[in-house]
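Report on the structure given below.
All of the numbers you see were taken from the coordinates with simple rules; none came from a lab. Bear in mind that the values here come from a model prediction, so they are computed numbers and not experimental data. Cβ placement follows ideal geometry from the backbone for every residue including glycine, while neighbour counts extend to all protein chains displayed.
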Amino acid sequence: MGGQMNSNPDQTKETRLPPAVTFTSGAHLLMQMGIVESITREGIRYIADHNEAWPFGPDKPFPYGKAGKAVLMATEPFLDFFRTVYQQPRKTGDAP
């Protein structure tokens, strides 16, 4: 299931969020949850490098973690950033 929300063991419609995400699994989770319409791991890396409000990294509220070569981010602050701070660019022709 790598990168997807974990299934509820009782097989209900509820799902549990993973404790941490990578850039790839985070992109999938954002789209699966409907927080953004479309995003790639490269898009998240760009945002992380260029948005001063990005909450992860040195001198930021949340550290990056590591698992092998993968960079990990705590899921809740990751989602909170995209829910409350990040404004997805509009497509050409979208109404304001």
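Relative contact order (percent) for the range 19-88, with alpha-carbon contacts under 8 angstrom and 6 or more residues of separation? Write out the running numbers ahead of the final one.
Working: 71 pairs, mean separation 25.4, N = 70.
Result for the range 19-88 is 36 percent.
Whole-Å semi-axes of the range 25-80's equivalent ellipsoid, largest first, each the root of 5 times a Cα gyration tensor eigenvalue?
Numbers: eigenvalues 65, 35, 25 Å².
Whole-Å semi-axes of the equivalent ellipsoid: 18, 13, 11.
Could you order the peptides 60-73, 18-31 from most to least packed, using the average number of other C-beta atoms within 10 Å per residue?
Working: 60-73: 13.1, 18-31: 19.2.
Ranking the peptides 60-73, 18-31 by packing returns 18-31, 60-73.
Quickly work out the F62-to-R45 label distance, labels modelled 7 Å from Cα along the C-beta direction, and quote it in nm with one decimal.
Computed distance between label sites R45 and F62 equals 2.0 nm.
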